[in-house]
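I have placed the structure first, in the form of structure tokens, so that the comments after it can refer back to it.
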Amino acid sequence: MMKALRAVFAATTALCAASAANATDLEVTHWWTSGGEAAAVAEFAKAFNATGNNWVDGAIAGSGGTARPIIISRITGGDPMGATQFNHGRQAEELVEAGLMLDLTDIAEEGKWRDIVRPTSLLDSCTVDGRIYCVPVNIHSQQWLWLNNSVFENAGVAVPTNWDEFTAASGKLQESGIVPLAMGQQPWQTTLAFQVILTALAGPEAYTKIFGDQDAELAAGPETAKVFEAAAAAREMAKGSNVQNWNDATTMVITGKAGGQIMGDWAQGEFQVADQVAGEDYTCLPGLGVNEVIMTGGDAFYFPKVDDPETTKAQLELAKVMMSPETQVAFNLKKGSLPVRGDVDLAAANDCMRKGLDILAKGNIIQSPDQLMSADSLTQVNDLFVEFFNNPDMSAEDAQALFVSIVGNAD
Ligand code: GAL
């Protein structure tokens, strides 16, 4: 009996040693540091560690605007991580063209990604010269207004169902010392607010023509002038919102210090961590309750090439794990985003995710600015709107004129 037990123990130890020996540490960089984001990324780590490898977390605080330059300089500087987050679109374009990223085409074909990923534009954003260089992990739409129901009820007004009702209610909120519109100061947040207002009030076509076709004439037109007027009203409603990070602004809504926030559906992760229920504690209005569209923004993971077969093997393993049905559901439910695969069961999705899924199913989708415009041009747009939202002396007309010149010279 003892002899048999010793044999089993020896075998197990050998197995552990073998699997530990085969385990590869893989450093994964990303900018998911808020409560909801951390809960979601932990699902990736858990699934990857279950393969016998080790997820070495390389979270970088400060959101993408801070993280991406650090990530890019490490890769171009010869100190690559094992895997890294970028947004869907053109952010890693130059790194791929420089031959610095691992080609995932074989596992993508083996996994039939082109059949299961929807919309296929997500995979197109990973494809350069017919080869696939990233695994898309979610669909995040920026086109949302999040509202704290009790703030409006306590102010004696109905919870708004669209932008006009929201702006009409803002006076009542300000009277009771509540900031109508929470907004963080990171530059991308002000651009996000502007392009969501543009898409809602001028329409999804106008947004795509301006950000995608760089239509400066349309950007200079009367319809866009109305959007800049609405952005000036948003600036007024955001007065007193002195927080930096997007999730701090979401917390203002969650805690009733603010009535609403224009933010991507990653905000959902924060409501979940705060145990708030969609439809009861908070309301989500896709397209500001005016133009219900889903933006196919979000995240994809890239794998810098390294000269080590074990690491390459672990990189491919992680890419497969991120696309697996179970991981897609576990991650996206916590992240507040929609899965990239259409063949998964989202019975546990809440009201807001259901709204998103319905809009996606109807095909009312637009591409994200990261998919439509180069990172350099978007940085100029960010600089303009962070200036506009922080300088009440900048008129809507002046801001529109500057926007027209940026759009006219964008690529
Ligand atoms: C975006 C990213 C989201 C979200 C957000 C805020 O770039 O796609 O997943 O986390 O940043 O950090």
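Before moving on, here are some points about what is shown:
- Total charge dipole magnitude, segment 92-223, about the Cα centre, Cβ charges on Lys, Arg, Asp, Glu only, Debye to nearest 20: 520
- Most positive-pole-ward Cα, Gly52, Cys126, Ala155, against dipole of the chain from beta carbon charges: Gly52
- Note on Ala61 and Glu310: the extension gain reaches 86.7 nm, defined as 0.36 nm multiplied by sequence separation minus the Cα-Cα distance.
- Working from the Cα coordinates of segment 229-362, the gyration tensor eigenvalues give, after taking √(5λ), semi-axes of 32, 19, 15 Å in decreasing order.
- log10 of Debye I(q)/I(0), alpha-carbon scatterers only, for segment 329-407 at 0.11, 0.15, 0.17 Å⁻¹: -0.52, -0.75, -0.80
- Relative contact order of the chain, defined on C-alpha pairs under 8 angstrom at six or more residues apart (%): 27
- Dividing the convex hull volume of the alpha carbon atoms of the chain by its residue count gives 153 Å³ per residue.
- Loop-located trypsin sites (Lys or Arg not before Pro) in segment 221-289 (DSSP state not H, G, I, E or B) with no more than 14 neighbouring Cβ atoms inside 10 Å: Lys239.
- Segment 371-411 residues near the modelled Glu229 label - backbone nitrogen below 17 Å, point 7 Å along Cα→Cβ: 395-401
- Under the simplified labelling scheme, the Lys239-Thr255 pair shows an inter-label distance of 2.3 nm, with each label point 7 Å from Cα along Cα→Cβ.
- Gain on full stretching of the segment that runs from Ala98 to Val277 - 0.36 nm per residue minus C-alpha separation: 59.8 nm
- Legend: translational diffusion of segment 352-392 by Stokes-Einstein, Rh = Kirkwood radius over C-alpha pairs, 10 °C, 1.306 mPa s; D = 126 µm²/s.
- The ratio of the alpha-carbon radius of gyration of segment 39-187 to the globular-protein estimate 2.2 N^0.38 Å is 1.44.
- Here the label points at Asn390 and Ala42, each 7 Å from Cα along the C-beta direction, are separated by 3.4 nm in the simple model.
- Distance violations [Cα-Cα > 18 Å] among Lys46/Lys334; Lys112/Lys320; Lys257/Lys355; Lys313/Lys334; Lys112/Lys335; Lys334/Lys355: Lys257/Lys355; Lys313/Lys334; Lys112/Lys335
- Ordering Ile71, Ile365, Ile262 from the fewest to the most neighbouring beta carbons within 10 Å gives Ile365, Ile71, Ile262.
- Note on Thr33 and Asp383: with the Förster distance fixed at 25 Å, the Cβ-Cβ geometry gives a FRET efficiency of about 0.60.
- Kirkwood hydrodynamic radius (C-alpha pairs) into Stokes-Einstein, segment 93-175, 20 °C and 1.002 mPa s, D in µm²/s: 129
- Around the amide H of Ile132, modelled in the peptide plane, lie the amide H atoms of Leu104, Thr105, all under 5 Å away and 5 or more residues distant in sequence or on another chain.
- Whole-percent pair-distance distribution, where bins are 5 Å wide, for the alpha carbons of segment 133-204: 3, 13, 21, 20, 17, 14, 6, 3, 2, 1, 0
- Share of Cα-Cα pairs in segment 141-181 lying beyond 13 Å, as whole percent: 47
- Where a label projected 7 Å from the Cα of Thr51 along Cα→Cβ would reach, residues of segment 121-153 with amide N under 18 Å: 132-138
- Check: segment 334-411 dipole with +1 on Lys, Arg Cβ and -1 on Asp, Glu Cβ, in debye: 620
- Dipole orientation for segment 185-326: of the candidates Ser241, Met263, Phe211, Ser241 has the Cα lying most toward the positive pole (charges on Cβ; Lys, Arg +1; Asp, Glu -1).
- Distance between the modelled labels on Asn364 and Ser150, one decimal in nanometres: 3.1 nm (7 Å Cα→Cβ projection).
- Calculated FRET value between Glu326 and Val128, using beta carbons and R₀ = 30 Å, to 0.05: 0.55
- At R0 = 60 Å, FRET efficiency that the Cβ-Cβ distance of Asp25 and Glu175 yields, to 0.05: 0.60
- Dipole magnitude for the chain: computed about the Cα centre from +1 point charges on Lys and Arg Cβ and -1 point charges on Asp and Glu Cβ, it is near 1160 debye.
No lab work stands behind these numbers, since they all come straight from the coordinates. No experiment lies behind these values; they were computed from the predicted model shown. Virtual Cβ from ideal backbone geometry, glycine too; neighbours counted across all protein chains shown.
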